[in-house]
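The structure appears right after this line, and notes come after that.
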There are 2 protein chains.
Amino acid sequence: MPSPSRPRTSNMPESQPHLVSASDPIGVFDSGIGGLTVVAALQEILPGETIFYIGDTARVPYGGKSRRTVERYSIEIGGLLLAERAKMIVVACNTASALAVPRMQDLFKVPVQGVVEPGARAAVAASKKRRVGVIGTRATIASGAYEHAIRSLAPDVEVFSEACPLLVPLIEEGLFDDSITDQVLARYLDPLLGRGIDTLVLGCTHYPLLRDAMARAAGPDVQLVDSAQNCALAVRDLLAERDIAAGSDHLGRLQVALTDSTEGFLRTAERALDLEIGEVELRSVQSDA
Amino acid sequence: MPSPSRPRTSNMPESQPHLVSASDPIGVFDSGIGGLTVVAALQEILPGETIFYIGDTARVPYGGKSRRTVERYSIEIGGLLLAERAKMIVVACNTASALAVPRMQDLFKVPVQGVVEPGARAAVAASKKRRVGVIGTRATIASGAYEHAIRSLAPDVEVFSEACPLLVPLIEEGLFDDSITDQVLARYLDPLLGRGIDTLVLGCTHYPLLRDAMARAAGPDVQLVDSAQNCALAVRDLLAERDIAAGSDHLGRLQVALTDSTEGFLRTAERALDLEIGEVELRSVQSDA
């Protein structure tokens, strides 16, 4: 039986000023491990920043779930990042970016940066033929978030989308360079290539791990837009604008926490992305667990 | 702020006698939709029984998660089934059966039937060469539950196991009869066939949907053991033994509830299994959602 003074069970932050310091970490989250591609891009561009990463492996994947569920999970993980003194939150998950960023921005006082808007901006800049393909999870594609973002930047650009639900499982099995992956990719990309796209947005943070296979499948005339990399550039600009970037003399660290003790393909991603991940912490997403 | 009289947030049942009536439903749960293969088997064998099915689609899949997480989720869903007056609980998920049934049996007074023990029993009865293969999710295979169950029934049987993490995504995409699925199956099954197995346990409730492709891949000399079907037989025996079977003059109904509003591959499974699923209810697995 809870006492009357027991706090609410959700992880929504209290309405109190968040004292942001430049030395505080950037909070990054993903439904699982895929968001580490964003971490790798951040570390390359912003080596002085400390990063606190949370992968919601207890509830992974988000890609087939409803908006309401993805919003709820994202807000909870956002709360965990604020508890780690995150000076900003990077939503390193396309599904959560597509479905939950507006609600998070309503709720949190720290800046919340998703991956969709930077990817859309880069695609618009890249496409000469004004025909852009977008691939992602079922939920990301169904949300129409990229299409909406691209067309509000450039109404003349035509957007063709394809949900690719088998790619994440193949990536999590480490089948980066494999005939089965090539066949699956061909099925997903052929309809887009048939529409004459010259730019392809990798609308899932897992996908940069399949960059080589995608480049083979798409051919030399299609430019790949990596939403992880473009998100990292947006974070750099945002930190500079708010004057909360860590000094470049400082050497950032990476801390990783997961919501389930199973590490999944963490070590595969660590090797593929050349990251240094030490001990992994466990964070509970259920108050009475 | 909760009032002092607010109930505990977990779904653990209160310690009160459960008044079981033969007309109460059989409660069936799975991490998602795959457990409907068990429902189809139950309906064939026990047409008089009403079935209340819950798919935990808000947290699907369980197959890559830790024992502690799978136990917690299973107990929560068990509580939801008790709230629907389930006279018994069928754990129609191999991962939850392998990891959580003992703990559920400790906690719940109604009978709890998993899929592992019936499958193991059928495999032991089927194997003439005393060499049995088991396929399942990562968590099921890592648990060693089938191996343990088979060897405690028949210590002379050799068990060879293979985790097949790509099969569930392929099934959920409806690729039942597809060259990509055939290639993936060959990779998983060839090592087992090389060990001279004559019996293969389909240790995941999704797998019966791939029965034809598996029969092709395994060849005519290997007998497939469908854990869904054998679980249904065990339920029939258990209901008879406890004298809580519904009368056969009665026509059972099927009610389906999911924990997320996204139906995933529910309609694909409904067609493939020839089930009649009407409106799908939503059940929350978070007290303050």
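Quick notes on this structure:
- For the range B:206-227, the count of residues that are without any contact (Cβ under 8 Å) to a residue 24 or more places away in the chain and under 18 Å from residue B:118 (Cβ atoms) is at least one.
- Condition check for residue A:189: modelled with pLDDT of 95 or more, surrounded by 18 or more Cβ atoms within 10 Å (Cβ to Cβ) and more than 21 Å from residue B:174 (Cα to Cα): no
- Filter result for residue A:260 (among the acidic types (Asp, Glu), under 26 Å from residue A:76 (Cα atoms) and surrounded by 18 or more Cβ atoms within 10 Å (Cβ to Cβ)): yes
- Options B:228, B:232: the member that is crowded, with 20+ Cβ neighbours inside 10 Å, part of a helix (DSSP H, G or I) and modelled with pLDDT under 95: B:228
- The single condition among (1) on the phi > 0 side of the Ramachandran plot; (2) at pLDDT below 95; (3) not hydroxyl-bearing (Ser, Thr, Tyr) that residue A:219 does not satisfy is (2).
The rows are residues; the columns are (1) outside the structural domain of residue B:44 (by TED's automatic domain parsing); (2) in contact with a Phe, Trp or Tyr (Cβ under 9 Å, 6 or more places away or on another chain).
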| residue | (1), (2) |
| --- | --- |
| B:190 | yes, no |
| B:244 | no, no |
| B:256 | no, yes |
| B:272 | no, yes |
| B:277 | no, yes |
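- Among residues of the range A:145-165, those that are more than 11 Å from chain B (Cβ to nearest Cβ) and touching a residue at least 24 places away in the same chain (Cβ under 8 Å), counted: 13
- On inspection, residue A:246 fails the criterion of being over 20 Å from residue A:76 (Cα atoms), surrounded by fewer than 19 Cβ atoms within 10 Å (Cβ to Cβ) and more than 14 Å from chain B (Cβ to nearest Cβ).
- Test: residue in the range A:8-17 that is surrounded by fewer than 24 Cβ atoms within 10 Å (Cβ to Cβ), modelled with pLDDT of 95 or more and among the polar types (S, T, N, Q): no
- Residue match in the range B:86-96 (condition: within 14 Å of chain A (Cβ to nearest Cβ) and either touching a Ser or Thr at 6+ places or on another chain (Cβ under 7 Å) or of a type in the set (Lys, Arg) (or both)): yes
- Qualifying positions in the range B:194-212 - assigned to a helix (DSSP H, G or I) and surrounded by 18 or more Cβ atoms within 10 Å (Cβ to Cβ): B:207, B:208, B:209, B:210
- When we screen B:121, B:103 for residues that are over 13 Å from the mean Cα position of the chain (by Cα), in the same structural domain as residue B:38 (by TED's automatic domain parsing) and not hydroxyl-bearing (Ser, Thr, Tyr), the only hit is B:103.
- Of the listed requirements (1) at pLDDT 95 or above; (2) closer than 15 Å to residue B:251 by Cα, residue B:29 misses just one: (2).
- Considering the range A:47-74, the residues that are assigned to a loop (DSSP other than H, G, I, E, B) and of a type in the set (D, E, K, R) include one that is farthest from the other protein chains (Cβ to nearest Cβ), namely A:49.
- When each of A:31, A:97, A:66, A:21 is tested for being among the hydroxyl-bearing types (Ser, Thr, Tyr) and not assigned by TED's automatic domain parsing to the domain that holds residue A:254, the lone residue that passes is A:21.
- Where residue B:252 falls short, out of the listed (1) closer than 24 Å to residue B:34 by Cα; (2) not in a loop (DSSP other than H, G, I, E, B); (3) not basic (Lys, Arg): (2)
- Screening the range B:166-180 for residues that are at the interface with chain A (Cβ under 10 Å from one of its Cβ atoms) and in a helix (DSSP H, G or I) and picking the one that is modelled with the lowest pLDDT gives B:172.
- Filter result for residue A:217 (among the small types (Gly, Ala, Ser) and crowded, with 21+ Cβ neighbours inside 10 Å): yes
The values are calculated or read from the model by the stated rules, or taken from the named source; none is laboratory data. Fair warning: this is a prediction, and the values are worked out from it, not measured in the lab. Glycine gets a Cβ as well: all are built from the backbone with ideal geometry, and neighbour counts include every protein chain shown.
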